[in-house]
Amino acid sequence: MRELNPEHVKAAIEYCGHAPFSKLISFRLTALEKGGVSRLELDLQDKHMNPEGGPHGGVYAIMVDEAAWWAVYAALDEDAAHTTVDLHVDDLGKAMGGTLYAEARVKKMGRTICLAECDVRDACGKLLVHGTSKLMVVPGLATVAQTMAKLGLSPVPPKFMEV
Amino acid sequence: MRKLNPEHVAAAIAYSAQVPFLKLAAVCLTGLEDGGISRMELTLDERHMNPEGGPHGGVYATLVDSATWWAVYAALQEDVGHTTLDLHVDDLGRALGGTLFVEGRCVKLGRTICQAEAFIRDESGKLVVHGTSKLMVVPGIPTISQAAEKTGPGPMPPKYLD
Amino acid sequence: MRKLNPAHIEGAKAFANAIPCLNWLDIKVTDITLGGCQVEVLLQPHKHMTPFNGPYGGLYASLVDSATWWAIYGEADEDAGFATLDVHVDDLGMTGGGRLITEGRRVKLGRSICVAEAFVRDEAGKLLAHGTSKVMIAPNLPTIDDVLQQRGEPRLPPKFLDV
């Protein structure tokens, strides 16, 4: 049975942290788990807010998009690459501040089309947003490992290990 | 179809320019038109990108969310606020860079539930994203006029020319 | 720009209107154009309405599903087989009876993923539902001609005219 290699997960978390957009928005990947689970966090700051109150809807959408992508990544073969096809976000509650926690899980890994869902909660566990995203496996697209190597984050630890 | 006051539109554009998240993401409201049309632009730079290349999907989602919100704003009566219920974004193609042009359109202005869609095109006119959103009219939540008066840039001119 | 062959369109409409589920719901595909289509249904109280005096939501979903599919058909290559990935319907209003006219419009014809939207209106033009659908084009998916061949029926005339 294959498990995610903790060294690869650490490298993936670091890779996500280096990404320009994650630095701009200040979200961070905190976990990847076997079977296709990811966790993401974001500390709400003034830069995320609407003047009328609460974070801009784009903040939630960004977290769902990113978390769903990583959830599928956690279940995908090492030599495959994927891209987002769509995103659906339902706004269910308003965050007052503090840290947002996203957890995404794969519902289906298809040969081409994968589906993940994601919940975003505040620090009290209140459900703020539910979302789904479909992602497509694309032959020939650069994998995370290939991009990591290109960015000089090598050597890249193997993604899976047999247990 | 009510006619938007051009001075109010200019004030809305100025308001949008100082919304912290839109400033952060470099999203610009450039126009509001009668009947519920909004126009926005975003000039892509390295901060918006994925390591593998191409803009992060969250950039598109932010644009669809904003453009649909402003499209409904452009048709809504002056004294009510509205909020997003949901957002659906379909990725249709890769924008290579440059400026993204967004058009938001109010599809339905209901008493409570409104529906809008947004089209994002790159500089060549290629459609890269289509999205929809449902929004709810909520009496009592702050309007941007109220927010502008409270937190700046100050009171806004009347919304419509009647 | 390509021109659809009217003889092919007549055949495609006949094929559509013989689909058991559409037949059963009395949904008719009345026009297919390049990237567009029109689908109609005459509301019947014993068939389409809920006890709350509006059309059944599933009818809106069927109309959106059909109109988006045929709008994409109206522009896709002759040898393209496709499968619906999703249908998203926003219910926006009710009507007590009469004809529902649904306009399907192609939003994007991609190499693998296509998107279309549909507007369901009553006879007065009031918008009752809006929806989108994504359809995947893949070489191994059956085409209308594959189905006709299996039934032992003649193929449709060529889809496009050379201009």
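Rule-based calculations on the coordinates, nothing more; no lab input. Keep in mind the model is a prediction, meaning the values are calculated, not measured. Here Cβ is always computed from backbone atoms with ideal geometry, including for glycine, and neighbour counts include all displayed protein chains.
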| query | Bin by bin, in steps of 5 Å, what percent of the Cα pairs in region B:26-113 do you find, going until the bin that has the longest distance? | reply | 3, 13, 24, 22, 17, 10, 7, 4, 1, 0
| request: Under a cut-off of 17 Å between alpha-carbon atoms, report the lysines in cross-link reach of A:K126, not counting same-chain residues fewer than 8 places apart. | output: A:K94
| remark: For the protein assembly as shown, the charge dipole (Cβ of Lys, Arg +1; Cβ of Asp, Glu -1; about the Cα centre) points to a positive end, and the Cα of C:P20, B:G58, A:A116 closest to that extreme belongs to C:P20
| request: Any chance you could list the semi-axes, whole Å, largest first, of the equivalent ellipsoid that the Cα gyration tensor gives for region A:2-157, using √(5λ)? | output: 27, 17, 13
| For peptide C:84-93, how many partner chain Cβ atoms fall within 10 Å of a residue's Cβ, on average? | 5
| field | Furthest towards positive pole of dipole, A:P51, A:Y15, C:C114, structure part the protein assembly as shown, Cβ charges | value | C:C114
| Rounded to 10°, Cα long-axis angle of helix A:6-18 versus longest principal axis of chain A | 50
| Mind checking the mean number of beta-carbon atoms from other chains within 10 Å of the Cβ atoms in A:58-68? | 6
| field | Loop-located trypsin sites (Lys or Arg not before Pro) in region C:69-163, at most 12 other Cβ atoms within 10 Å (DSSP) | value | C:R111
| query | log₁₀ I(q)/I(0) of region B:3-150 at q = 0.12, 0.14, 0.20 Å⁻¹, via Debye over equal Cα point scatterers, no solvent, to two decimals? | reply | -0.46, -0.63, -1.23
| Using unit Cβ charges (K, R positive; D, E negative) and no other charged atoms, how large, in debye to the nearest 20, is the dipole of chain B about its Cα centre? | 280
| message | With the cut-off at 1.5 for a/c, could you classify the protein assembly as shown from its C-alpha gyration tensor as rounded, prolate or oblate? | response | oblate
| field | Spatially proximal lysines relative to A:K159 (Cα-Cα < 23 Å; intrachain offsets below 8 disregarded) | value | A:K10, A:K34, A:K107, A:K108, A:K134, A:K150
| request: Determine the dipole magnitude for chain C: charges of +1 sit on the beta-carbon of Lys and Arg, -1 on that of Asp and Glu, nothing else is charged, the reference point is the Cα centre, and the result goes in debye to the nearest 20. | output: 120
| query | Within region A:93-163, which trypsin sites (Lys or Arg not before Pro) sit in a loop by DSSP and count at most 16 neighbouring Cβ atoms inside 10 Å? | reply | A:K94, A:R111, A:K126
| query | Counting Lys and Arg as +1 and Asp and Glu as -1, each charge on the Cβ, what is the dipole of chain A about the Cα centre in debye, to the nearest 20? | reply | 180
| field | Residues of region B:37-60 with amide N under 20 Å of the 7 Å Cα→Cβ point at C:R111 | value | B:52-55
| message | Compute the angle between helix A:57-75 and the longest alpha-carbon principal axis of chain A, please, reported from 0 to 90 degrees and rounded to the nearest 10. | response | 20
